[in-house]
Amino acid sequence: MNTAKPGVANPADRSSASCLPWAASALFGAAMGCAAWALTVWARAYCDAGYDAGGRLELNVLLPVVPGAGAVVALLARAAGRRLAPAAPRAIRAALPTVLVIVTTVCLAWWFFAARGTLADYPGDSGLCPANNVPPGWPDWIPA
């Protein structure tokens, strides 16, 4: 029998009131955004494609935007994960938001690198990269 008053949080369900998973999700999303930005800068600098003054300005303007977008996407993924399985077993309710945060932020970072880091058919001057401007160190099994 539930004796909690309406509008008052149930003391047995304290895990849902913790802000630690939300903070960790935002931090993970921001870290993935920083990693995507750094990978993009590396690819552009290595291939010398889009690394002129205008390209560096674009990347510097995107520096606060990309980690912020990663954090927002991670928070939205956590919220969606909590809404998708409210009646599921406890293990699924705990794992689903985490899996969604990881998958969405990794996909966002991968998309950012593929769209902004490898400028296809941009005339690269370094001679180290092929015409698609994907650095040779990038694994072939990950499309860019």
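When segment 70-93 is filtered for residues that are without any contact (Cβ under 8 Å) to a residue 40 or more places away in the chain, outside any loop (DSSP other than H, G, I, E, B) and open to solvent by less than 70 Å² (accessible area, probe 1.4 Å), the ones remaining, listed by number, are 79, 80, 81. Scanning segment 1-42 for residues that are at pLDDT below 90 and of a type in the set (Gly, Ala, Ser) yields a total of 8. The numbered conditions (1) touching a residue at least 60 places away in the same chain (Cβ under 8 Å); (2) more than 10 Å from the chain's Cα centre (by Cα); (3) open to solvent by 40 Å² or more (accessible area, probe 1.4 Å) are all true for residue 32 except (2).
Hey, any hits in segment 108-119 for a residue that's open to solvent by 50 Å² or more (accessible area, probe 1.4 Å), farther than 20 Å from residue 31 by Cα and not in a helix (DSSP H, G or I)? Taking every residue of segment 108-119 in turn, none turns out to be open to solvent by 50 Å² or more (accessible area, probe 1.4 Å), farther than 20 Å from residue 31 by Cα and not in a helix (DSSP H, G or I). Checking segment 49-68 against the condition returns no match, with no residue being farther than 19 Å from residue 33 by Cα, of a type in the set (Ser, Thr, Tyr) and open to solvent by 70 Å² or more (accessible area, probe 1.4 Å). Any residue in segment 71-80 that is over 18 Å from the mean Cα position of the chain (by Cα) and over 17 Å from residue 31 (Cβ atoms)? No: segment 71-80 contains no residue that is over 18 Å from the mean Cα position of the chain (by Cα) and over 17 Å from residue 31 (Cβ atoms).
The values are calculated or read from the model by the stated rules, or taken from the named source; none is laboratory data. Keep in mind that this is a model prediction, so the values were computed, not measured. A quick note on method: Cβ atoms are made from the backbone with ideal geometry, for glycine too, and the neighbour counts reach across all protein chains shown. Please note that ligands, DNA and RNA were not included when accessible areas were found on the heavy atoms of the full protein model with its side chains. Shrake-Rupley method; radii C 1.70, N 1.55, O 1.52, S 1.80 Å.
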